[in-house]
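Worksheet: one structure, shown below.
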Amino acid sequence: MFGDCAYAAQQATIQAKAPGAQDLTNKTVRKGSVTEELERMVNRAKSRTRARVEHVFGVVKRLWGFNKVRYRGLAKNATRAFVTLAMANIYLARRPLLTQLRA
């Protein structure tokens, strides 16, 4: 599970709910410590992965208004989510797709 420093205090809760989940939350970095630079590099790598994943959800929320979901039934909500995420993938890949068409 990826998360920022705010989730670091909830480690016990995360382990209780999902015992097999790998904890990849960012750790708090102490300034002036011997391992400060190493901790920052590890946090940066974790944040890079989290940013790639969360960017898709930002596109879905902003472009297609998926901020609030009203209850329509699980099947309809799931279908809407799958279609919206598929459109987001196409939207995010539009530049490479357009360069392939022009070549």
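The values are calculated or read from the model by the stated rules, or taken from the named source; none is laboratory data. Owing to the predicted nature of the structure, the values given are computational and were not obtained by experimental measurement. A quick note on method: Cβ atoms are made from the backbone with ideal geometry, for glycine too, and the neighbour counts reach across all protein chains shown.
Please determine, by comparing only the residues of the stretch 9-68 that are in contact (Cβ under 8 Å) with a residue 24 or more places away in the chain and polar (S, T, N, Q), which one is nearest to VAL83 (Cα to Cα). Among those residues, the one meeting the criterion is THR49. Regarding the stretch 71-89, can at least one residue be identified that is of a type in the set (Gly, Ala, Ser) and under 15 Å from the mean Cα position of the chain (by Cα)? Checking the stretch 71-89: at least one residue is of a type in the set (Gly, Ala, Ser) and under 15 Å from the mean Cα position of the chain (by Cα).
Screening the candidates ARG48, ARG70, ARG80, ARG62 for the property of being exposed (fewer than 10 other Cβ atoms within 10 Å of the Cβ) and farther than 30 Å from VAL29 by Cα yields one hit, ARG70.
Residues in the stretch 8-45 that are assigned to a loop (DSSP other than H, G, I, E, B), exposed (fewer than 10 other Cβ atoms within 10 Å of the Cβ) and not polar (S, T, N, Q): PRO19, GLY20, LYS31, GLY32, VAL34.
For the stretch 7-47, the set of residues classified as at pLDDT 80 or above and touching a Ser or Thr at 6+ places or on another chain (Cβ under 6 Å) is empty.
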